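Enquirer: Would you mind keeping the following structure in view while I ask a few things?
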Amino acid sequence: MKRILELTTFKRHVAAVIFVLSAIAYPLPQPTEANGPTVRVLDRARIGGYSEDITFVTKGALSNQLIVLDGYDVFGIPGQAHGNPPMKKLFDLKGLGIEIAPRGIAYIESERLFVANNDFPEPTTLFLFDHKGHPQGTRTIQYLNGYLPVHLEGMEYIPATSSVFPDHLLMATWDDNGGPSRIEVIRRDGQVVAEIFPNWPPDSGTENIGDIMFLPPNRLLVTFYDSTIWTIDFAGNVLAGPQTVAGANGGEGIAQMGDGRIAYVSYPQDLFFFDGDLNRLPSEDRHDVIGLNLNRPTAIAWDSDTNKHLIAHQVPPFFGAFSTKVSAVTPSLDSASEVIDLADDGFLQSRDMSYLPDEHLIAIAHLNSPRAILLYDNSGSFVEQVNLGVTPFVSPNAVTYIPATMQFAVRVAGELNKLRIFSRTGALVRTIDLSLIGVDAILGVAFFNPSHPSGGQFLVIDSFLTNDRAVITDFNGNLLGEFNYRSKLGVLTPTDVSAITTGPQAGAFSIVDSDGGEVVVFRLE
């Protein structure tokens, strides 16, 4: 049930004083200002997943295994998935030098190597690795006629025995974020030799290809984000479809196994099985859970009242109007319970989170409809929304609450390297320009150490596409220290960071990696 909770100014000031005193009891660290702090990882856990593609291994050490690419991890299911054997992590791909999690994977039978792509950061690079995940070099994709895709998706290998493009790769690409899509035919050295432009029926919902599969002797199966499968030939002629996969949340990957059966993977890690003629085999379906089943985590905050992490994560239906839930996670990172389902209140586009210890409220940055900071209590009831008093209206992204001043520090859409300070009621107080210290794009921000002479400090997570920096500033944005979160924390795609203010880990921080589905707890010393 929705309700509005209002606190008097007196109550807010009293609660703020209590918070400052508690911070003194559990002092948060002051970083070394000369060369940056020493970073010590306390704990980490994979809390969820997001399977991007699958492939089948025909030869070599992993022969007869269905391979699932999930975040930065590669999982294997042995025995062609017969008998429901457990899905086991084989290795991760963080050592490949990739910027974000790959969107496609294939097994090159002739070389007994795997190949993966890296989407928009490196659309011209193929990454090769062996059965243990060891890098085996890169190859440059040479597109035709100056083409450069904005997005890469699933990959496929055509065996050397094929009469059509033998020993070649296939890769799905998007011309722009709203489609259309095409299929690139690539030699193993990276040279594109042909492009396939299917003649989809008008208004068929075929803008965004998820994956392609070679179906001998001369057909292709193509998956889409509306959970359909189409059959085409190499000239792009539609032969059959659409076949809807009931219960799926998009079509991320499709692969044929050695016994002829076809596996189809959907968000988050749901595997649907078919025979070679695309007849469903529902008794063989799998619904694997990774970690705490908090898939695609996007934001994190510390609840000082319950001494738990609050983690926002996306839930099906993921494609189109996806929804967000917030779950409370124990400090040991081994148990979770749902707190908020934003869809219950009609909210869909959440971003980062923070916590108001003086009011015992959860703050959620909401991008649009409304552009506001949403406030919930710990029972999951919507309490209030804080509209940001700026013209034109701004959309909050990164957010952290400052108890001592009862203010929000917010990075708004369109201002990648500035923090706007808003009052508790949403009035703009001041702006901190972090471009002056080299920040490119604020992904997450955490307020800490209110006893600092400047009034407090910020830990700011900068862009993983440019520098992998975590910077520590004073309350006015002056640089005090920094470290590389990729090398120090093993985090590649962070989306939010939070200070832990109470409990045994008080003084530490937590950071969430969306692509990796991971939470890392660390200290600055």
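None of the figures in this text is laboratory data; all of them are computed from the coordinates on show. Source: prediction; values computed, not measured. Neighbour counts run over all protein chains shown; Cβ positions are idealised from the backbone, glycine included.
Enquirer: So if I place +1 on the C-beta of Lys and Arg and -1 on the C-beta of Asp and Glu, and nothing else carries charge, what would the dipole magnitude of the stretch 81-166 be about its Cα centre? I want it in debye, nearest 20.
Expert: On the way: 7 positive and 9 negative charges, 54 e Å.
With Lys and Arg at +1 and Asp and Glu at -1, about 260 debye.
Enquirer: What ranking, highest mean first, results for peptides 140-153, 65-78 when packing means the other Cβ atoms within 10 Å averaged over each residue?
Expert: 65-78, 140-153
Enquirer: Estimate the FRET efficiency between Ser332 and Thr58 by the formula 1/(1 + (r/R0)^6), using the beta-carbon distance for r and 60 Å for R0, to the nearest 0.05.
Expert: Values: r = 41 Å, r/R0 = 0.69.
Efficiency, rounded to the nearest 0.05: 0.90.
Enquirer: Just rank Asp352, Asp433, fewest to most, by other beta-carbon atoms within 10 angstrom.
Expert: Asp433, Asp352
Enquirer: Compute the Kirkwood hydrodynamic radius of the stretch 142-221, taking the inverse of the mean of 1/r over all pairs of distinct Cα atoms, and give it in Å to one decimal. Numbers along the way, then the final one.
Expert: Numbers: mean 1/r = 0.0766 Å⁻¹.
Across the stretch 142-221, the inverse of the average 1/r is 13.1 Å.
Enquirer: Here is a follow-up. What distance in nm separates the simple spin-label points at Ser283 and Arg112, each placed 7 Å from Cα in the Cβ direction?
Expert: 3.7 nm
Enquirer: So if each residue of separation counts as 0.36 nm, and I subtract the Cα-Cα distance between Ala160 and Ala427, what length gain in nm does that give?
Expert: 89.6 nm
Enquirer: Further question on the same structure: What percent do you get for the relative contact order of the chain when only Cα pairs under 8 Å and 6+ apart count?
Expert: Relative contact order, the chain: 15 percent.
Enquirer: Next question, about the same structure. Expressed in nm to one decimal, what extension gain is obtained for the pair Ser451 and Asp43 from 0.36 nm per residue of sequence separation less their Cα-Cα distance?
Expert: Full-extension gain reported as 144.2 nm.
Enquirer: Roughly speaking, what is the stretch gain from Asp344 to Ala246, that is 0.36 nm per residue apart minus the C-alpha to C-alpha distance, in nm to one decimal?
Expert: Difference between extended and current length: 32.9 nm.
Enquirer: Give the shape of the stretch 51-287 as rounded, prolate or oblate, defined through the alpha-carbon gyration tensor: a ≥ b ≥ c are the square roots of its eigenvalues, a/c under 1.5 means rounded, and otherwise the shape is prolate if a/b is larger than b/c and oblate if not.
Expert: It is rounded, given that a/c, with a ≥ b ≥ c, falls under 1.5.
Enquirer: Compare the peptides 292-299, 330-337, 108-115, 40-47 by average per-residue count of other Cβ atoms within 10 angstrom and give them in order, highest first.
Expert: 292-299, 108-115, 40-47, 330-337
Enquirer: So, one more: Can you find, among Thr495, Asn368, Gly190, the residue farthest towards the positive end of the dipole of the chain? Put +1 on the C-beta of Lys and Arg, -1 on that of Asp and Glu.
Expert: Thr495
Enquirer: Dipole size in debye (nearest 20) for the stretch 51-287 around its Cα centre, Lys and Arg Cβ +1, Asp and Glu Cβ -1?
Expert: Using only the charged Cβ atoms, the result is roughly 660 debye.
Enquirer: Sticking with this one: Below 8 Å, C-alpha to C-alpha, sequence gap of six or more: please give me the relative contact order for the stretch 51-287 in percent.
Expert: 14 percent
Enquirer: Tally Lys/Arg at +1 and Asp/Glu at -1 over every other residue whose Cβ is under 10 Å from the Cβ of Leu152; what's the total?
Expert: Details: positive: Arg103; negative: Asp119, Glu122, Glu153, Glu184.
Neighbourhood net charge equals -3.
Enquirer: I need the peptides 162-171, 489-498 ranked by packing, meaning the mean over residues of other C-beta atoms within 10 angstrom, with the highest value on top.
Expert: On the way: 162-171: 18.0, 489-498: 24.7.
Ranking, from highest mean packing down: 489-498, 162-171.
Enquirer: For the chain, what are the per-bin percents of Cα-Cα distances with bins 10 Å wide, up to the bin holding the maximum?
Expert: 4, 19, 27, 23, 16, 9, 2, 0
Enquirer: For the stretch 89-112 and the stretch 321-368, what is the centre-to-centre distance using only Cα atoms, to the nearest Å?
Expert: 32 Å
Enquirer: Given only helices, namely DSSP H runs of n ≥ 4 each adding -39500 (n - 2.57), what is the per-residue ellipticity at 222 nm of the chain, to the nearest 500 deg cm²/dmol?
Expert: -1500 deg cm²/dmol
Enquirer: Any idea how far apart Asn177 and Ala194 come out in nm if each label point goes 7 Å out from Cα toward Cβ?
Expert: Between Asn177 and Ala194, the label points sit 3.3 nm apart.
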